[in-house]
Amino acid sequence: MTDLDLDSSFIPALHKPPSLLPIAKYRDSLLYVIETFPVTIVIGQTGSGKSTQIPQFLERAGWCSDGKLIGITQPRRVAATTVALRVAEEVGCEVGQEVGYSIRFEDVTSSSTRIKFLTDALLIREALTDPLLSRYSVIMVDEAHERSISTDILLGLLKKIRRKRPELRIIVSSATLQAEEFLKFFTAGSEQEVRKQDDDQTPQAIATIVSLEGRTYPIDTLYLEAPAEDYVEKAVNTVFDIHTQEGEGDILVFLTGREEIDNAIQAVAERATQLDSQHGPLQPLPLYAGLSTEQQMFVFDKTPEGTRKVVFSTNIAEASVTIDGIVHVIDCGFVKLRAYNPKTGIETLTTTPISKASASQRAGRAGRTKAGKCYRLYTEDAYQALPETNPPEIQRSNLASTILQLKALGIDNVARFDFLSAPPSELMSKALELLYSLGALDEYAKLTHPLGSRMAELAVEPMMAKTLLSAPQFNCLSEILTIAAMTSLGGNIWFYHDGERHKMESSRRKFAVEEGDHLTLLNVYQTFITKGKKEAKFCHEHNLNYKSLTRAVSIRAQLKRYLERFNINVDETLSSKQHSSNVDNGNKAEQIRRCLTSGYFAHTARMQPDGTYRNVEGGTILHAHPNSLMFNRKADWVIFYEIMETGDKTYIRDITKIEKNWLVEYAPEFYKLSNSRG
DNA sequence: GAGCACTGC
């Protein structure tokens, strides 16, 4: 077994010239391993240089000589762009030339590109048109340990592709010790079939692990003696202990959500006024995804000399956002995890203990620029009891769009797809049922054409894809395009600063349209591009998230391009004329609501006299989310975009009034089925 | 009556 034990002394690997990175010494051995083994699992700490150096080693060693590409996938867009920029700089080319990147809405590559960074979701999309990914000689899957659905699917595809393209080289990079699982995955089940082709290739010859040790700085980990009753309070106390007893260095506190973060910040601000004058000021800052870009940027600002920055963050700071200068990490030990219940079709968002892998990732946020400390707000025994990892996303998600995508990739028997971790069969059958009811699959579970294959290509979830493809019949395609773009933003449309909640509420009321949230979203978008001239100023005045609305413009344009590729004509002139005068005009609004019903018939509820809702089965009490226009309005039957259980309540979001008889009209089979069931 | 962890196409 090849196991390269690299220099483990504490060398700061960040911002060092590439020649000084520990990985440089192992260039030849790495190249040898990659040449010899079809699959290489690379264990490398952040800062080991694996993502930036390995592609360059490969390129110089001739892996692109026949015009093929080296592809490096990342789970996130920012990572794909920033790593590409750095490698381009090191290579000494303009990004988009030899080194480029490709993410949704941005393809910065050219015919001279040899090293290409992209999101793993986008590479899966490339497989729709190039099933063997034949443009690539090497594919490196970075941050595979995060186990996103896209990463898992991509690894499954690569394993399949490898059988048909033995010359393809696969590198799987992982920061934690999950390497064995990847190794087992690539070697399992390959014995017999490899024997058939090549007597020399045993499973041991297929894949191997290379370990790039080499940390940055040491981190001192401290535990509680006894469990904390209230970790938010404990976190605040710890902040003051650090501030009064420890040397300089900023603090990063991991909490689970916005409410906790706001409370903690208020508590710190109040207690800070009583601080002894010998201690410098504290600057508490929030960090979570729902903030506007401007609000998020504060955490990167340098504080004045003597002021200590304390960032209270959700899990966004665990992997997605990196803040320099953090010396102390406080870890509450919990995270909000999403899960999907296939029996009820309801998603839950629940506070759950983190995994050991998460705990070590959080601690690692302290030692990036010098030696750091991590304060775990739980006992060492509690730590020992944590699971090694959390269940991968693919085992706790609604799989409708994943299954649809697999079908479009030509994987007919999805149950036999080689998953890194197989999803529970209930999740699979629930997804298949929905896809069948939408008409994306036929009674043999085969992808339908053109409906199913088109739905798979549209980058929105299946119910919205169906709605979009029905829209021409309802003569409201332009409007549904906008609604599809706005709903897929996932909520972050409105924002408010401290104490401005009422101002935000009244801004929102100005855009309200009687029939519900979808038409309200349409109204917001139309006003943004017409009266608001797509400007940030307009958004600030109306408590709208500028970045989100800009994104909606891009999403809408992309969806429109897909439709045009299907030869579906989008007539914009008619709609914009009507909506500049009044979005809420009778017949058009009804067509939109009918059209939404044709895609969202599985998401229906009926209002009760007490103002709550019940789903069709009748069992579950649903509440209109306070962000919804229908929160305090009367309705009878409604459809909704999303359903989620948080804490002890189940909320529905993005709600629109419909008529009961439309359900039977647009989904007769589905409603026959529901009735016969109960 | 009262509030969404995080990604991605």
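Within region A:116-133, residues that are among the small types (Gly, Ala, Ser) sit with their Cβ atoms under 7 Å from residues that are assigned to a loop (DSSP other than H, G, I, E, B), at 6+ positions apart or across chains, in these pairs: A:Ala127/A:Leu133; A:Ala127/A:Leu409. Of everything in region A:95-109 that is assigned to a loop (DSSP other than H, G, I, E, B) and within 14 Å of DNA strand B (Cβ to nearest atom), the residue that is most open to solvent (accessible area, probe 1.4 Å) is A:Phe105.
Can you say whether A:Arg125 is within 27 Å of A:Glu457 (Cα to Cα) and assigned to a helix (DSSP H, G or I), as far as the supplied structure shows? Yes, satisfied. For region A:621-629, the condition holds for at least one residue, the condition being that it is open to solvent by 60 Å² or more (accessible area, probe 1.4 Å), more than 19 Å from A:Ile483 (Cβ to Cβ) and in the same structural domain as A:Arg508 (by TED's automatic domain parsing).
Among the criteria (1) more than 16 Å from DNA strand B (Cβ to nearest atom); (2) open to solvent by 50 Å² or more (accessible area, probe 1.4 Å), the one A:Asp262 does not fulfil is (1). Among the conditions (1) within 15 Å of A:Pro286 (Cα to Cα); (2) part of a helix (DSSP H, G or I), A:Ile323 misses just one, which is (2).
Comparison of A:Ser134, A:Ser173, A:Ser112 shows that the only residue that is in a strand (DSSP E or B) and away from DNA strand B (no atom under 16 Å from the Cβ) is A:Ser173. Only residues that are modelled with pLDDT of 90 or more and surrounded by 16 or more Cβ atoms within 10 Å (Cβ to Cβ) were counted in region A:513-535, giving 16. Selection of region A:627-644 for residues being touching a residue at least 24 places away in the same chain (Cβ under 8 Å) and either within 6 Å of DNA strand B (Cβ to nearest atom) or not in a loop (DSSP other than H, G, I, E, B) (or both) yields A:Asn627, A:Leu629, A:Met630, A:Trp637, A:Val638, A:Ile639, A:Phe640, A:Tyr641, A:Glu642, A:Ile643, A:Met644. Report, by residue number, each residue of region A:270-300 that is open to solvent by 80 Å² or more (accessible area, probe 1.4 Å), assigned to a loop (DSSP other than H, G, I, E, B) and not polar (S, T, N, Q). The answer is A:Asp276, and nothing else.
Take the conditions surrounded by fewer than 19 Cβ atoms within 10 Å (Cβ to Cβ), at pLDDT 95 or above and among the β-branched types (Val, Ile, Thr) and apply them to A:Thr448. Does it pass? Here the answer is yes, as A:Thr448 does meet what is asked. Taking the criterion of being farther than 30 Å from A:Glu461 by Cβ, free of Cβ contacts under 8 Å to residues at least 40 places away in the same chain and not in a strand (DSSP E or B), would at least one residue in region A:368-384 satisfy it? Yes.
Count of region A:110-121 residues, restricted to those that are open to solvent by 20 Å² or more (accessible area, probe 1.4 Å) and of a type in the set (A, V, I, L, M), is 1. Would you confirm whether or not region A:330-349 contains a residue that is open to solvent by 50 Å² or more (accessible area, probe 1.4 Å), near DNA strand B (Cβ under 10 Å from one of its atoms) and basic (Lys, Arg)? The answer is yes, given that some residue of region A:330-349 is open to solvent by 50 Å² or more (accessible area, probe 1.4 Å), near DNA strand B (Cβ under 10 Å from one of its atoms) and basic (Lys, Arg). For region A:462-478, the criterion of being more than 26 Å from A:Arg633 (Cβ to Cβ), within 16 Å of DNA strand B (Cβ to nearest atom), within 27 Å of the chain's Cα centre (by Cα) and open to solvent by 10 Å² or more (accessible area, probe 1.4 Å) is satisfied by at least one residue. Close Cβ contacts (under 9 Å, 6 or more residues apart or on different chains) running from residues in region A:645-661 that are at negative phi and open to solvent by 50 Å² or more (accessible area, probe 1.4 Å) to residues that are near DNA strand B (Cβ under 6 Å from one of its atoms) and of a type in the set (Phe, Trp, Tyr) comprise A:Glu645/A:Tyr651.
The values are calculated or read from the model by the stated rules, or taken from the named source; none is laboratory data. Just so we're clear, the structure is a prediction, and the values are computed from it rather than from any experiment. We place every Cβ from the backbone using ideal geometry, glycine too, and count neighbours over all the protein chains shown. The protein model used for the area step is the full one, side chains on, heavy atoms only, and it has no ligands, DNA or RNA in it. Shrake-Rupley method; radii C 1.70, N 1.55, O 1.52, S 1.80 Å.
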